[in-house]
Amino acid sequence: MIHFKRCFILITILSCLLAQGVSAQQRDPLPVPDLPGLRTLKCDFHMHTVFSDGDVWPVTRVQEAWREGLDAISITDHAGYNPHKDDVRPDLTRPHAIAAALAAQLGIILVPGVEVMKGDTHFNILFVKDQNAFFGLDLPDALREARKQGGFTFWNHPGWKQPADWFPDVAAIYDQKLMDGVELVNGHTYYPQAFPWIEARKLTILANSDVHSPTYPSYTDRRRPLTLVFARTADLEGIREALIARRTAAWMGGEVWGAEELLRGLWQGSVAVETPRLTFSPSQRQLSLRLVNRAALPFQLRLREAPKWLSAGGADIKPEGAAAVTVRLAKEAPQGESTAELQYEVTNFHAAPGQNLVVRVPLRIVNP
Ligand SMILES: [Zn+2]
Ligand SMILES: [Zn+2]
């Protein structure tokens, strides 16, 4: 009897181990719609590993990206700040090289990158050919080297340690055409001071995690800030073309920042009106308008305009959720079937400072 019990325990342990061996990792689908003719890629172009001041090995960054539903990442260790150098040789070509095989297996696009700095002014350079060429260079020289290597450059965390301002050293870099973009969001922080620069100085919007520890628990809800890249092709060249063409949006938590036509494309691809035809009756003057959201993006709607004879509420449409908006028909509504339009402000979609996306919901109203 004792022998049988031991045997049973052994079999249980073995089957547990076997189950672990073949257990699958789960990927968050993180649905964000493509735009007409463009793929929407979910990207994080700023993160660290033990090769600079991060806590993780490069393959961990690929595993995290895959689990969290990302399409592309860049490992951007510091050239010149390498506190683990006694344990890890600071060869900055290695993080990318180490991560490349797993990235290829999992279909994660890996963009070669590096972070360069002078004092508190930090820049990331993407599409670099040799990360080690940046050691020992002053910031403007590093950005000139970036140009030689065909790199895309952006200013990181513009309000780190002091409120964001168009600092003289940054202005000089911009005037020498050494700056392509700016992080509107870095980690958990949004820099409102930087938003007006996007249009005024034709910069590319970026939102990145700058994560140093494992993404969990740095982001407990598994939602790090992301740069949405609207690319013609889902590959390195597609990302580069889209970044230069400024076809990006910043997404952090419930907020999205980007050019109006890109935000409108996200709305159109995400939200469908399930009940575009509302049939009222003399006894039923109030109906529900159902809006369904297929995306992982939330949409907060505030009514701006409606016909005088129609009133409607706002809505908070959760990610991959639906909302029912109450629509009331007034006594003076036209008889028969007519068209009407509700105009909503999407209060969490920011097209420019002080200007949110405005969308139209067309309806057929039947008033017998
Ligand atoms: Zn930095
Ligand atoms: Zn960094």
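Some notes on this structure:
- Rg/Rh ratio calculated on Cα atoms of the range 271-367 (Kirkwood radius): 1.00
- Cα gyration tensor, the chain - rounded (a/c under 1.5), prolate or oblate: oblate
- Between TRP309 and ARG201, the simple spin-label model (points 7 angstrom out along Cα→Cβ) gives 5.3 nm.
- Ranked TRP66, TRP257, criterion: other C-beta atoms within 10 Å, fewest first: TRP66, TRP257
- The range 99-173: trypsin sites (Lys or Arg not before Pro) in DSSP loop, at most 16 other beta carbons within 10 Å: LYS129, LYS161
- Extension gain, HIS188-VAL366: 0.36 nm per intervening residue step, less the Cα-Cα distance, totals 59.3 nm.
- Working from Cα pairs under 8 Å separated by at least six residues, relative contact order for the range 241-352 is 29 percent.
- From largest to smallest, the equivalent ellipsoid semi-axes obtained for the range 131-266 from the alpha-carbon gyration tensor read 23, 19, 17 Å.
- Extension reserve of the ASP130-LEU236 stretch, reckoned as 0.36 nm per residue once the Cα distance is removed: 36.5 nm
- For the chain, the relative contact order is 13 percent, taking Cα pairs closer than 8 Å that sit 6 or more residues apart in sequence and dividing their mean separation by the residue count.
- Qualifying lysines (Cα of each under 25 Å from Cα of LYS308; at least 8 residues distant if same chain): LYS331
- Within the range 260-368, the trypsin sites (Lys or Arg not before Pro) that combine a DSSP coil assignment with at most 16 other C-beta atoms in a 10 angstrom radius are ARG285, ARG294, LYS308, LYS331.
- Of all DSSP beta bridges in the chain, antiparallel share, percent nearest 5: 75
- GluC sites (Glu not before Pro) within the range 131-239, DSSP loop, no more than 16 other Cβ atoms inside 10 Å: none
- Out-of-range pairs (alpha-carbon distance over 26 Å; input LYS85/LYS177; LYS42/LYS318; LYS42/LYS129; LYS118/LYS202): LYS85/LYS177
- Estimated inter-spin distance, ALA352 and ARG144, nm [label 7 Å along Cα→Cβ]: 3.7
Read-outs throughout are calculated quantities, based only on the coordinates presented, and are distinct from any laboratory measurement. Treat the numbers as computed from the prediction; the structure is a model and nothing was measured. With ideal geometry, Cβ positions are generated from the backbone for all residues, glycine too; neighbour counts draw on all protein chains shown.
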